[in-house]
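Asker: Below you will find the structure I want to go over with you.
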Amino acid sequence: LVDGNLIKWEGETSEVYSTISSTKDYKPTVLGSIPTLTEKEALSALDAAVNAYDKGQGLWPTMKVADRIACMETFVEQMKSKREEVVKLLMWEIGKNLPDSQKEFDRTVEYIYDTIEDYKQMDRDSAKFEKHDGVRAHIRRGPLGVVLCLGPYNYPLNETFALLIPAIMMGNTTIFKPAKHGVLLLTPLLEAFRNSFPKGVVNIIYGRGRTVASPIMQSGKVDVLALIGNSKSANALQNQHPKSNRLRLVLGLEAKNPAIVLKDADLDLAIDECIAGATSFNGQRCTALKVLYVHEAIVDEFNQRFSEKVDSLKFGNPWENGAKLTPLPEPDKPAFIQELIDDALDKGAKIINKKGGETTENYIFPAVLYPVSKDMRVYEEEQFGPVIPVIPFSDIEEPLDDMAASNYGQQVSLFGKDIKTLAPLIDTLVNLVCRVNLNSSCQRGPDVYPFTGRKDSAVATLSVHDALRSFSIRTFVASKDN
Ligand code: G3H
């Protein structure tokens, strides 16, 4: 979708595979194909976005709030009619189970409606005047310019739209490149984008990052880099911008969220929440629990009951009833997880659940590793997949020191009962991460709450409310009271 046109592509294409086999031979299924655009088309998408913005004078950045909202409402109404198609593609492309795929779609629709409401409130607030020292100010929020958006494969709809929708809503113009997996599911929505927004406001391009995203950044015409994914790609793209220090960044990056299970924790609750936190969508969530610190007084009981529960999780194709564990969309992920497991086993850990590490072509059963130590790769690296390291601790300073030394700082889950112990601990933890989940697993939602991180985990904040602010700047008209 470039400059309001759905281009009929006659050049090179690349096939999109699902690791889910439609037969019993484990051969990947070809789902369709996408255009492999060249630099030329990528730059024409950039030109379309630059022209539509027109230095802030374009139709979209100057459009009345009510009219911009009407465009967004048209979009969300048209989007809703595509639910079934998008949900089906979510299951095939990224292996997300049916309830979670439906939830991803519905959550995105809700996110758009909530964004519209927040934007209306922002507009109402901007009608008010402030007065300080005889100067009256009419403060409002304006767009930043041209936004390049890149979304992740694990939430190809929801997190992508958590960037794209607020960026558009605030009057910016956009170029969006989807992730490698979770790309076809945008096809049913292309017409809705084309029908709802003026030409050039939303441009959607496909292709290899190096061929399409790099020249866009090198042009120096991008004002905001909005990316959810890994810091390596974010850094590379940022550095390609000739004035990278002037570029606004909105980034959601890696995390290694720990759970800390204190000795007085309600074990049933802690185990259930750790299961959900570590295994939902096979651990492929930035908010997943990626390391479990368990007090040594209860670690044996925790390990036994936790491992049994992990083993009871059902593996199946995404549409199968009750399938909690599903095929991994990245063909090389099982081998990567196996490397982490082998490294930990070599250094003294054991797989403590019976099914841990069982593999098929597109899947590896979650392995619970114990005891994990700091020299193991799985302690340091973000696994983003089905392996769960457990670390025993005797003194709370141990997990706290590890968190302070970590490169990441997104969230933590804290399990315990004694408020006298919990209260000071929470005060410490909120200065190490951005969200402390008390007796519950880590998660991004509800989407009205700020979603961000310290250190290498994030730049800027995403939530319904915050994202509108991350994609805009405060401007004002001042007049002297005379
Ligand atoms: O991958 C990172 C996502 O932001 C996780 O979102 O906690 O809603 O699954 P979630």
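The values are calculated or read from the model by the stated rules, or taken from the named source; none is laboratory data. Nothing here was measured: the structure is a model prediction, and the numbers come from that model. Cβ coordinates were reconstructed from backbone atoms using ideal geometry, including for glycine residues, and neighbour counts include every protein chain displayed. Only protein heavy atoms, including side chains, enter the accessible area calculation; ligands, DNA and RNA are left aside. Shrake-Rupley method; radii C 1.70, N 1.55, O 1.52, S 1.80 Å.
Asker: For the stretch 414-482, with only Lys/Arg (+1) and Asp/Glu (-1) charged at the beta-carbon, what is the dipole magnitude about the Cα centre, in debye rounded to 20?
Answerer: With only Lys, Arg, Asp and Glu charged at Cβ, the dipole is about 60 debye.
Asker: Where Lys and Arg each count +1 and Asp and Glu each count -1, what net charge lies around D266 among other residues with Cβ under 14 Å from its Cβ?
Answerer: Net of charged neighbours comes to -3.
Asker: Where Lys and Arg each count +1 and Asp and Glu each count -1, what net charge lies around P215 among other residues with Cβ under 13 Å from its Cβ?
Answerer: Local net charge: +2.
Asker: To continue, here is another question. Let me check the size of the stretch 98-155 from its C-alpha atoms; what are the radius of gyration and Dmax in Å?
Answerer: Considering the stretch 98-155 through its Cα atoms, Rg and Dmax are 18.1, 59 Å.
Asker: Along the charge dipole of the chain, Cβ charges K/R +1 and D/E -1, which of C434, Q238, A70 sits furthest on the positive end?
Answerer: A70
Asker: Find how much the distance from T23 to Q218 grows on full extension, using 0.36 nm per residue of separation minus their present alpha carbon separation; answer in nm with one decimal.
Answerer: Between T23 and Q218, full extension yields an extra 65.8 nm.
Asker: Same structure again: Which of A192, L267, A162 sits closest to the plus end of the dipole of the stretch 155-308, meaning its Cα is farthest towards the positive end, when Lys and Arg get +1 and Asp and Glu get -1 on the C-beta?
Answerer: Towards the positive end, the residue furthest out is A192.
Asker: Just round it to a whole percent: the fraction of Cα-Cα distances in the stretch 383-445 exceeding 15 Å.
Answerer: 57
Asker: What is the helix-to-structure angle for 267-279, meaning the angle in degrees between its Cα long axis and the longest Cα principal axis of the chain, kept from 0 to 90 and rounded to the nearest 10?
Answerer: Roughly 50 degrees, rounded to the nearest 10.
Asker: Apply 1/(1 + (r/R0)^6) to the Cβ-Cβ distance of K128 and K243, taking R0 = 35 Å, and write down the FRET efficiency to the nearest 0.05.
Answerer: 0.50
Asker: For the modelled label position 7 Å from the Cα of E117 along Cα-to-Cβ, which residues of the stretch 443-482 have backbone nitrogen atoms closer than 18 Å?
Answerer: 445-451, 463-469
Asker: Treating the beta-carbon of each Lys and Arg as +1 and of each Asp and Glu as -1, no other charges, what is the dipole magnitude of the chain about its Cα centre, to the nearest 20 debye?
Answerer: So the dipole magnitude of the chain works out to roughly 1640 debye.
Asker: Could you give the Stokes-Einstein D for the stretch 28-72 in µm² per second, using the C-alpha Kirkwood radius, 10 °C, 1.306 mPa s?
Answerer: Rounded to a whole number, D works out at 119 µm²/s.
Asker: Express in nm, to one decimal, how much length is gained between N321 and E15 on full extension, taking 0.36 nm for each residue of separation and deducting their alpha carbon distance.
Answerer: 107.2 nm
Asker: How many percent of DSSP beta bridges within the chain run antiparallel, rounded to 5?
Answerer: DSSP beta bridges in the chain are roughly 45 percent antiparallel.
Asker: If you don't mind, another one. What are the extents of the Cα atoms of the stretch 324-456 along their three principal axes, listed from largest to smallest and rounded to whole Å?
Answerer: Reported extents, whole Å, longest axis first: 46, 36, 28.
Asker: Using the Cα centre of the stretch 335-482 as the reference point, and only Cβ charges (+1 on K/R, -1 on D/E), how large is the resulting charge dipole? Debye, rounded to the nearest 20.
Answerer: Dipole magnitude for the stretch 335-482 comes out near 640 debye.
Asker: Can you give me the P(r) profile for the stretch 158-231? Cα pairs, bins 5 angstrom wide beginning at 0, each as a whole percent.
Answerer: 3, 13, 26, 29, 21, 8, 1
Asker: I would also like to ask the following. Quick one, what does Rg over Rh come out to for the stretch 218-330 if you take C-alpha atoms and the Kirkwood Rh?
Answerer: 1.16
Asker: Where Rh is the Kirkwood radius over the Cα pairs of the stretch 202-273, the temperature 37 °C and the viscosity 0.692 mPa s, what D in µm²/s does Stokes-Einstein return?
Answerer: D = 218 µm²/s.
Asker: R0 = 22 Å: FRET efficiency of N235 with T428, Cβ-based, nearest 0.05?
Answerer: Step by step, r from the Cβ atoms, then E = 0.15.
Asker: While we're here: Once the Cα atoms of helix 209-218 and of the chain are each reduced to a long axis, what angle between those two axes, in degrees from 0 to 90 to the nearest 10, is obtained?
Answerer: Between the helix axis and the principal axis of the chain, the angle is about 50 degrees.
Asker: Looking at the calculated P(r) for the stretch 88-195, what percent of the C-alpha pair distances fall above 17 Å?
Answerer: Here the long-distance tail beyond 17 Å is 62 percent of all Cα pairs in the stretch 88-195.
Asker: If I stretch the segment between A137 and K480 completely, what's the gain in nm (0.36 nm per residue apart, minus their alpha carbon distance), one decimal?
Answerer: Once the chain is fully extended between A137 and K480, it gains 122.6 nm.
Asker: Please tell me which of these pairs span more than 30 angstrom C-alpha to C-alpha: K64/K177; K103/K128; K232/K417; K314/K350; K221/K333?
Answerer: Check vs 30 Å cut-off fails for K103/K128; K232/K417; K221/K333.
Asker: Take the eigenvalues of the Cα gyration tensor for the chain, scale each by 5, and report the square roots as semi-axes in whole Å, largest first.
Answerer: In descending order the semi-axes read 39, 29, 19 Å.
Asker: Report the Cα centroid-to-centroid distance between the stretch 9-27 and the stretch 159-212 in angstrom, as an integer.
Answerer: After rounding, the separation between the Cα centres reads 23 Å.
Asker: Also: Relative contact order for the chain: what is it in percent, counting Cα pairs under 8 Å that are at least 6 residues apart?
Answerer: 19
Asker: Separate question: Pairing the Cα long axis of helix 83-94 with the longest principal axis of the chain, what angle in degrees results, from 0 to 90 and rounded to the nearest 10?
Answerer: Approximately 50 degrees, to the nearest 10.
Asker: Continuing with this model, one more query. Summing +1 for each Lys or Arg and -1 for each Asp or Glu, what net charge is found among the other residues whose Cβ lies under 12 Å from the Cβ of A276?
Answerer: Spelling it out: positives minus negatives among the neighbours equals 0.
Asker: Can you list, bin by bin at 10 Å, the percent of alpha carbon pairs in the stretch 8-86, starting at 0?
Answerer: Calculated over all Cα pairs of the stretch 8-86, the distribution is 14, 21, 32, 23, 8, 2 percent.
Asker: In addition: Accessible area per residue for the stretch 91-160 in Å², computed with a 1.4 Å probe and the full protein assembly in place, what is it?
Answerer: On a per-residue basis, 42 Å².
Asker: A follow-up question, please. In whole Å, largest first, what are the principal axis extents of the Cα atoms in the stretch 300-346?
Answerer: 36, 30, 8
Asker: Considering only protein heavy atoms and a probe of 1.4 Å, how much of the accessible area of the chain is carbon and sulfur, as a whole percent?
Answerer: Here it works out to 50 percent.
Asker: Further question on the same structure: Modelled label-to-label distance, N407 and E85, 7 Å Cα→beta-carbon offset: nm?
Answerer: About 4.1 nm separates the two model spin labels.
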